[in-house]
Ligand SMILES: NC(=O)c1ccc[n+]([C@@H]2O[C@H](COP(=O)([O-])OP(=O)(O)OC[C@H]3O[C@@H](n4cnc5c(N)ncnc54)[C@H](OP(=O)(O)O)[C@@H]3O)[C@@H](O)[C@H]2O)c1
């Protein structure tokens, strides 16, 4: 066992995607568990775009910003190496809200810790279909969005982790599914390998025109991961009594403050729309109800998730950047 713990700190607030300058790698002795705590040897770091908001000093986000100099945080998968908590033993595989480091020191009571069963030999699956992104896709489509067979479903960031699962879940429920993603290659993959009925390359322009062409009777459910101009294009094409499930606002995360919009808010009244946001920690406790259904779809070949894997702790800034430059298909992780 190594005696050193390399860890990433937030050295400065990132400007745009300047993570190489904003993050700094530091070293300290391996942490020692205090009363009620565990130490985890991290094996997988989950890269989640929402983490970008914790790197700002905004106070109106869903979690306070990380103070400068503090360790960067996020969901980790690993193995317990020391425990002073009665619910955890050395050698347990766990998922926790930990640190971007070789080792995480956590208090399971406050770190959303779960002891992982043997259902999946590949640890990554616990931040894939059977992790927050899978549950988020499930809740957004099935509960917040109330998708029904025969409806037209549209999802943005459709080739990313959450979007690619949301689209497949809507398809499994009998919807007609249209994805919006960056680039012809991603769009082709969505229709050839992931069951999407059509895909729109937003980088080629005219998203509104393509939505009008592909959804002549309107969009019944729009699962939004990006906000901004794509949200406006979708609002302009909603069906009467349509629903908009707000999962994420990727276009806003690098902005220094609140951004104006949406420009087509008028459509909420004109089309009698329902818009609702949802946030995964609110439903972490319901994991046991989501996973069996997600597993049924996966076993039937209706739900697949590709991984974009970076190797080594030092690759973390580069891996995180992929979420904002579109360099990933599916779930981005760093394997240690
Ligand atoms: N509500 C919740 O509890 C919850 C939980 C998990 C995730 N989320 C949200 O789900 C969304 C997806 O997150 P993720 O972590 O799964 O990442 P991801 O979808 O795997 O990766 C992000 C993808 O979004 C696209 N993208 C990035 N910036 C964009 C922009 N400005 N405009 C349009 N597309 C953009 C990129 O693909 P392209 O090549 O297509 O541009 C990129 O590959 C985020 O908004 C995140 O906050 C919400």
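Remark: spin-label model distance residue 3-residue 268 equals 5.9 nm, labels positioned 7 Å along the Cα→Cβ axis. Counting neighbouring Cβ atoms within 10 Å and putting the fewest first, the residues 85, 311 line up as 311, 85. Between residue 240 and residue 311, residue separation times 0.36 nm minus the direct Cα-Cα distance comes to 20.8 nm. The gain in end-to-end length when the residue 192 to residue 327 segment is fully stretched comes to 46.7 nm, 0.36 nm per residue minus the alpha carbon separation. Helix 161-172 and the long axis of the chain differ in direction by around 50°, with both axes built from C-alpha atoms.
Taken along the Cα-to-beta-carbon direction at a fixed 7 Å, the label points for residue 252 and residue 203 span 2.5 nm. Shape analysis of the range 186-336 based on the Cα gyration tensor places the equivalent ellipsoid semi-axes at 28, 21, 18 Å, largest first.
Within the range 111-198, the ratio Rg/Rh, alpha carbon atoms throughout and Rh by Kirkwood, equals 1.02. Here the convex hull built on the C-alpha positions of the range 167-248 has a volume of 89 cubic angstrom per residue. Computed from Cα atoms, the angle from the helix 316-325 axis to the main principal axis of the chain rounds to 10 degrees. When 53, 165, 47, 238 are sorted by how many other C-beta atoms sit within 10 angstrom of their C-beta, beginning with the fewest, the order is 53, 47, 238, 165. With respect to the chain, whose longest principal axis is taken over its alpha-carbon atoms, helix 184-193 is tilted by about 90°.
Residues 61, 280 in ascending order of nearby Cβ atoms (within 10 Å, fewest first): 61, 280.
Semi-axes of the equivalent ellipsoid for the chain, computed as √(5λ) from the eigenvalues of its C-alpha gyration tensor and ordered from largest down, come to 35, 22, 17 Å.
DSSP beta bridges confined to the chain are antiparallel in about 55 percent of cases. Taking all C-alpha pairs of the range 1-139, those more than 19 Å from each other amount to 53 percent.
Share of pairwise Cα-Cα distances greater than 16 Å in the range 1-43 is 53 percent (whole percent). In the chain, helical runs assigned H by DSSP with n ≥ 4 each contribute -39500 (n - 2.57); averaged across all residues and rounded to the nearest 500, the mean residue ellipticity at 222 nm is -6500 deg cm²/dmol.
Where a number appears in this text, it was derived from the coordinates with a stated rule and is not lab data. Everything quoted here is computed from the prediction, not taken from an experiment. Methodologically, a virtual Cβ is constructed for each residue, glycine included, from the backbone with ideal geometry; neighbour enumeration extends over all protein chains shown.
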